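Okay, structure first, notes after.
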Amino acid sequence: MPVTETEPVGDADVPAFWQRLGLPGLADVHVHFLPPRLLKRVWAYFDAAGPLVGTEWPIRYRWGDAERVDHLRRMGVHAFSALAYPHKPGMAAELNRWTLDFARATPGCLPSATFYPEPGADRYVTDALDAGARVFKVHVQVGGFAPTDPALDKVWGLLADTGVPVVVHAGHAPVGTAHTGPAGFAALLARHPRLSAIVAHLGAPDYTDFLALAERYERVRLDTTMAFTRFFDRFVAFPAAELPRLRELGLAGKVLLGSDFPNIPYPYAEQLAGLARLDLGDDWLRAVCWDSAAALFDLDRPVAPPAS
């Protein structure tokens, strides 16, 4: 498809993209910042195309924290998360200390936290909420646990009661495991129907099932992370027949911009270009790229200085 005036070709074009839409900037709910040693291990795993990656995946933004924050700001990403996630017991509480400290020192960063099915998870989640956490992240694939693990029942109840959203990687992409897929997530929602959840990657590859869950449950949303990029479409392209449902959900505030920055093998602008190529309308782009996250997280104005 030819490039249109709405498609940013490179990262330098991103400010013009959101300015043309009349937005104050972008809000990205799926950004990762991790303690340096852990981030290096994550990047090494991607470099090796580990079993949960399954394909060559060169990290585009292999920079330090300050350089990555500056790049987000130059593009006009005025609100972003710092999602971390544990792959074993005993990690989550320390990760929360790091990500919450990072948010306090980083204007524009939503205070972010995580958890794992282990004794005491409800206590450190309560501590994170008391410390101001505004978004959580759970990675069912990497963590290797079922969303309905009994050790997490109190945690899900806490989040449902507070309404604090949790970004959940519940889909099979890029590699399915015993606990990924819509069935486990649907069982979780049956237990906690008031849970405020954001399904990562639009639930790829089971887009249709996850769209249905977002339609059924008032507080279930989806993020666009990697969807509609040329890289991702090679493996799990979104079905064209479901675009009308995606448009309706987006206009209803249920589709949010996500990118997976910095752990992507293409320019950040490609995520936005992929959304523009859908031709679902400027109102849809405004909702996805800023308005819906602004409503969810009470972002009345840019939370970082405008791009220069």
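Restricting 136, 210 to those that are in a helix (DSSP H, G or I), among the aromatic types (Phe, Trp, Tyr), out of contact with any Asp or Glu (no Cβ under 8 Å at 6 or more places or on another chain) and crowded, with 19+ Cβ neighbours inside 10 Å reduces the list to 210. In the set (1) more than 19 Å from residue 257 (Cα to Cα); (2) in contact with a Ser or Thr (Cβ under 8 Å, 6 or more places away or on another chain), residue 17 fails one condition alone, (1).
You will find that of 86, 117, the residue that is open to solvent by 10 Å² or more (accessible area, probe 1.4 Å), under 26 Å from residue 146 (Cβ atoms) and not aromatic (Phe, Trp, Tyr) is 117 and no other.
Contact map, the stretch 57-70: first residue over 16 Å from residue 266 (Cβ atoms), second residue hydrophobic (A, V, I, L, M, F, W, C) and part of a loop (DSSP other than H, G, I, E, B), Cβ cut-off under 8 Å, separation 6 or more or different chains; pairs are 65/33.
The residues of the stretch 216-237 that are surrounded by fewer than 21 Cβ atoms within 10 Å (Cβ to Cβ), assigned to a loop (DSSP other than H, G, I, E, B), modelled with pLDDT of 95 or more and not acidic (Asp, Glu), listed by number, are 217, 219, 228. Scanning the stretch 178-202 for residues that are modelled with pLDDT of 95 or more and either among the β-branched types (Val, Ile, Thr) or part of a loop (DSSP other than H, G, I, E, B) (or both), we see that the one that is nearest to residue 227 (Cα to Cα) is 199.
Here residue 269 meets the list (1) in contact with a Lys or Arg (Cβ under 7 Å, 6 or more places away or on another chain); (2) among the aliphatic types (A, V, I, L, M); (3) surrounded by fewer than 23 Cβ atoms within 10 Å (Cβ to Cβ) almost entirely, failing just condition (1).
Against the condition under 20 Å from the mean Cα position of the chain (by Cα), among the small types (Gly, Ala, Ser) and either closer than 24 Å to residue 18 by Cα or exposed (fewer than 15 other Cβ atoms within 10 Å of the Cβ) (or both), how does residue 79 come out, does it pass?
For residue 79, the condition - under 20 Å from the mean Cα position of the chain (by Cα), among the small types (Gly, Ala, Ser) and either closer than 24 Å to residue 18 by Cα or exposed (fewer than 15 other Cβ atoms within 10 Å of the Cβ) (or both) - is met.
The single condition among (1) over 17 Å from the mean Cα position of the chain (by Cα); (2) in contact (Cβ under 8 Å) with a residue 40 or more places away in the chain that residue 289 does not satisfy is (1). Right, residue 108: touching a residue at least 60 places away in the same chain (Cβ under 8 Å) and open to solvent by less than 30 Å² (accessible area, probe 1.4 Å) or not? Judged against the criteria, residue 108 is a match.
The values are calculated or read from the model by the stated rules, or taken from the named source; none is laboratory data. What you are looking at is a predicted structure, and each value in this text was computed from that prediction instead of being measured. Note that each Cβ is placed from the backbone with ideal geometry, even for glycine, and that neighbours are counted across all protein chains shown. For the accessible areas, the whole protein counts, side chains as well, though only heavy atoms, and no ligand, DNA or RNA atoms are used. Shrake-Rupley method; radii C 1.70, N 1.55, O 1.52, S 1.80 Å.
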